[in-house]
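The values are calculated or read from the model by the stated rules, or taken from the named source; none is laboratory data. All figures in this text were calculated on a predicted structure; none of them were measured in a lab. Using ideal geometry, Cβ is built from the backbone for each residue, glycine included, and neighbour counts are taken over all protein chains shown. Keep in mind that these areas ignore ligands, DNA and RNA; they rest on the heavy atoms of the full protein, side chains included. Shrake-Rupley method; radii C 1.70, N 1.55, O 1.52, S 1.80 Å.
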Amino acid sequence: VSDIPFNGPISEVRVSRIDGEFVVNPPLSQFENADLDLIVAASMDNIMMVEGEMKEVSESVMLEAIKVAHDAIKIQ
């Protein structure tokens, strides 16, 4: 009913690094052990948004978290 263009579905996931392991959509009870917590929105081909918080982590850890999130979004 809208004339707004639709360029395909968008999905999002939360990814956290808990005890050194990336976890997609972790339970809230595990956040106290997380040193990185991101919400990533993406299409099949592109990252659209990244929001979150973290302790001091390297750029490579941040990029790996975004990759893990995008891989999970592609499955959805």
Coil-residue GluC sites (Glu not before Pro) of the chain, DSSP, other Cβ within 10 Å capped at 10: GLU56
3J(HN,Hα) from dihedral phi, segment 63-76, Karplus parametrisation 6.51/-1.76/1.60, rounded to Hz, x for glycine, proline: 5, 5, 4, 5, 5, 4, 4, 5, 4, 5, 5, 4, 5, 5
The chain - accessible surface per residue (Å², probe 1.4 Å): 71 Å²
With every protein chain in place, the chain: carbon and sulfur % of accessible area (1.4 Å): 52 percent
Under-5 Å amide H pairs with ILE18, H placed in peptide plane, nonlocal only: VAL23
Point-to-point label distance, ILE47-SER2, nm (Cα→Cβ direction, 7 Å offset): 2.5 nm
